[in-house]
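Data first, discussion second: the structure below is written as structure tokens.
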Amino acid sequence: MTGSVQAKGASFMPDDSPQIYLITPPAPDMDSFPQALARVLDSHPVACLRLALATRDEDTILRCADALREIAHARDIPLVIADHVLMVERLGLDGVHLSDTTKPLRKLRTEMGADAIIGSYCGNSRHDGISAGEAGADYVSFGPVGKTALGDGQAAPHELFEWWSAMIELPVVAEGALNRDLVAALAPVTDFFAFGEEIWTQADPVAALRELIQPLR
């Protein structure tokens, strides 16, 4: 399956190997994280960056978005924000990643226009993924793909990605509790791997990412 995600002034298309999609930590230390992010972005090709903060403090989100936007856009990497739709235009971001499938995606597409990236997290639901695509999503993400105690513990199975890659043209992202073995197994049936805590919790995020994507080389 070949897919594409269109951003303002940017376009990227997976080749035969899945591309890297990064997710920020939920509470990054802004004294050190921008430098760590820049090192990772300079070490490996990255297709997209998602700002996914746990806080709902507007000033914190604004400061973080301003700093990361400069780093991402300087490298022609689109920056999307998790859920905070109203901040996309205000902060000059490239789109939004929806973690709630009940959001009115079709209405958002009309309001945000064709150039904005809109992604939708669909858990392990094929139905939600198809609905998101029909409503105008640029990509869907399924997860977690690995074992985790978070949420309801239900993983997105390999069979879901296999079916999607065979039947649906819309790009698909694999995320959540990824490890090297899962990357190797899912590489033939996904367009993007989204890495977040898998690398940011490690002492050397660059080395951690290099290890995770070794099967893609």
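The values are calculated or read from the model by the stated rules, or taken from the named source; none is laboratory data. Note that this is a predicted model, so its numbers are computed, not measured. Please note: Cβ atoms are built from the backbone with ideal geometry, for glycine as well, and neighbour counts cover all protein chains shown. Accessible surface areas use protein heavy atoms only, side chains included; no ligands, DNA or RNA. Shrake-Rupley method; radii C 1.70, N 1.55, O 1.52, S 1.80 Å.
Descriptive notes on the structure:
- Options A156, A166, A194; residue that is under 22 Å from S99 (Cα atoms) and either touching a helix residue (DSSP H, G or I) at 6+ places or on another chain (Cβ under 9 Å) or free of Cβ contacts under 8 Å to residues at least 40 places away in the same chain (or both): A156
- Hey, V40 assigned to a loop (DSSP other than H, G, I, E, B), out of contact with any Gly (no Cβ under 6 Å at 6 or more places or on another chain), modelled with pLDDT of 95 or more and crowded, with 20+ Cβ neighbours inside 10 Å or not: no
- Residues that are touching a residue at least 40 places away in the same chain (Cβ under 8 Å), assigned to a loop (DSSP other than H, G, I, E, B) and crowded, with 17+ Cβ neighbours inside 10 Å within the stretch 94-117 comprise D94, A116, listed in sequence order.
- Boolean, G136 is open to solvent by less than 30 Å² (accessible area, probe 1.4 Å), touching a Ser or Thr at 6+ places or on another chain (Cβ under 9 Å), at pLDDT 95 or above and more than 18 Å from Y21 (Cβ to Cβ): yes
- Residue within the stretch 62-72 that is in contact (Cβ under 8 Å) with a residue 24 or more places away in the chain, farther than 19 Å from F161 by Cα, open to solvent by less than 20 Å² (accessible area, probe 1.4 Å) and not in a helix (DSSP H, G or I) present: no
- Note on the stretch 179-217: residues that are over 13 Å from the mean Cα position of the chain (by Cα) and open to solvent by less than 30 Å² (accessible area, probe 1.4 Å) amount to 11.
- Qualifying residue in the stretch 143-152 (condition: touching a residue at least 60 places away in the same chain (Cβ under 8 Å), more than 16 Å from Q19 (Cβ to Cβ) and aliphatic (A, V, I, L, M)): no
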